[in-house]
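Notes for the one structure printed next.
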């Protein structure tokens, strides 16, 4: 199947966007308290047994969401009926097998709540509705044991995807380590493990995300933490590129498209020198195709209102949101 030519390297300005307007919540409070307060704005949809899709990182990874923040979220909001979910990796390393993965999880200190490696006991196929590349996607079989899902995402760059937001966290993170991730990254019969081109990779990853969020329906929500944003993913661990992008804040929404779009918009709203590395990473990997394809698949809207919870949920602008951002390291 031949993909339609899409320029995923191009940033789509707000005035060119169409469709409904969603709500995205924002706080500059990068702390456990900030995380708890913004969770309260979107957490009502989480019922029953809650899967928390969190990237727990490679061994000693320096940029992951702080464990004390997540612990308080579990202790004070999620309770005992929630678990972090992960899948094994497609590449060989410290999370390639379940045994290696559990050792890495322990090293990184994720010991205060259950961590379910959802492909530990096999896989399940979920339908992909309206997809270009797939009619179904292979995910860790334990995903089907949950009633709702919170995507708690460290927003950052990504070597292949341009950026890693909620879309990448779910699309790659719920696909199992052998079948699902191969479907996303590798053409059938190809000898090259990473043989899928830029726009096609964005689309395949997005279709994987759609399969998982369609399974949960209205019982899924999203939080992105814009802190310690290397152009590298947390899967690179200690090998990640140095952080040069300023910390921005925490964002949350019930609309995955609006949320990831708002985070990208905030990168573009930074002073040119502060956002340069992340913008280049997104554009050279055609990462904008994640956003436009999510919208094409009916997963949400690239148009939104940004509500500042530090100011009683008054609407704010992107420039106001990054007004007091300090260059990283100052």
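The values are calculated or read from the model by the stated rules, or taken from the named source; none is laboratory data. Owing to the predicted nature of the structure, the values given are computational and were not obtained by experimental measurement. Cβ placement follows ideal geometry from the backbone for every residue including glycine, while neighbour counts extend to all protein chains displayed.
In the set (1) within 26 Å of residue 29 (Cα to Cα); (2) touching a residue at least 60 places away in the same chain (Cβ under 8 Å); (3) surrounded by 21 or more Cβ atoms within 10 Å (Cβ to Cβ), residue 209 fails one condition alone, (1). Criterion first (within 30 Å of residue 192 (Cα to Cα), buried (at least 19 other Cβ atoms within 10 Å of the Cβ) and out of contact with any strand residue (DSSP E or B) (no Cβ under 8 Å at 6 or more places or on another chain)) does residue 93 satisfy it? In short, no. Here is a check on your reading of the model: is residue 265 touching a helix residue (DSSP H, G or I) at 6+ places or on another chain (Cβ under 6 Å) and modelled with pLDDT of 95 or more? Taking the combined requirement at face value, the residue satisfies it.
Residue 229 meets the conditions (1) without any contact (Cβ under 8 Å) to a residue 60 or more places away in the chain; (2) not in a helix (DSSP H, G or I) in every case but one. The failed one is (1).
Among the residues of this structure, residue 310 counts as one that is in contact (Cβ under 8 Å) with a residue 12 or more places away in the chain, in contact with a strand residue (DSSP E or B) (Cβ under 6 Å, 6 or more places away or on another chain), part of a helix (DSSP H, G or I) and surrounded by fewer than 22 Cβ atoms within 10 Å (Cβ to Cβ). Looking at the range 70-87, is at least one residue touching a residue at least 60 places away in the same chain (Cβ under 8 Å), surrounded by fewer than 20 Cβ atoms within 10 Å (Cβ to Cβ) and not in a helix (DSSP H, G or I)? No, every residue in the range 70-87 fails to be touching a residue at least 60 places away in the same chain (Cβ under 8 Å), surrounded by fewer than 20 Cβ atoms within 10 Å (Cβ to Cβ) and not in a helix (DSSP H, G or I). Inspect all residues belonging to the range 109-116 and state whether any of them is buried (at least 23 other Cβ atoms within 10 Å of the Cβ), under 28 Å from residue 194 (Cα atoms), within 19 Å of the chain's Cα centre (by Cα) and in contact (Cβ under 8 Å) with a residue 12 or more places away in the chain. For the range 109-116, residues buried (at least 23 other Cβ atoms within 10 Å of the Cβ), under 28 Å from residue 194 (Cα atoms), within 19 Å of the chain's Cα centre (by Cα) and in contact (Cβ under 8 Å) with a residue 12 or more places away in the chain: absent. Kindly establish whether residue 135 is buried (at least 19 other Cβ atoms within 10 Å of the Cβ), at pLDDT 95 or above and more than 30 Å from residue 230 (Cβ to Cβ). The answer is no for residue 135. Of all residues in the range 46-69, those that are more than 16 Å from residue 156 (Cβ to Cβ) and outside any helix (DSSP H, G or I) total 9.
Residues that are at positive phi and out of contact with any strand residue (DSSP E or B) (no Cβ under 9 Å at 6 or more places or on another chain) within the range 284-307 comprise just one, 298. Is it the case, given these coordinates, that residue 9 is part of a strand (DSSP E or B) and either touching a strand residue (DSSP E or B) at 6+ places or on another chain (Cβ under 7 Å) or closer than 29 Å to residue 297 by Cα (or both)? So residue 9 fails the test.
Can you confirm whether the range 11-19 contains a residue that is under 20 Å from the mean Cα position of the chain (by Cα), crowded, with 22+ Cβ neighbours inside 10 Å and touching a residue at least 12 places away in the same chain (Cβ under 8 Å)? No - not one qualifying residue is present in the range 11-19.
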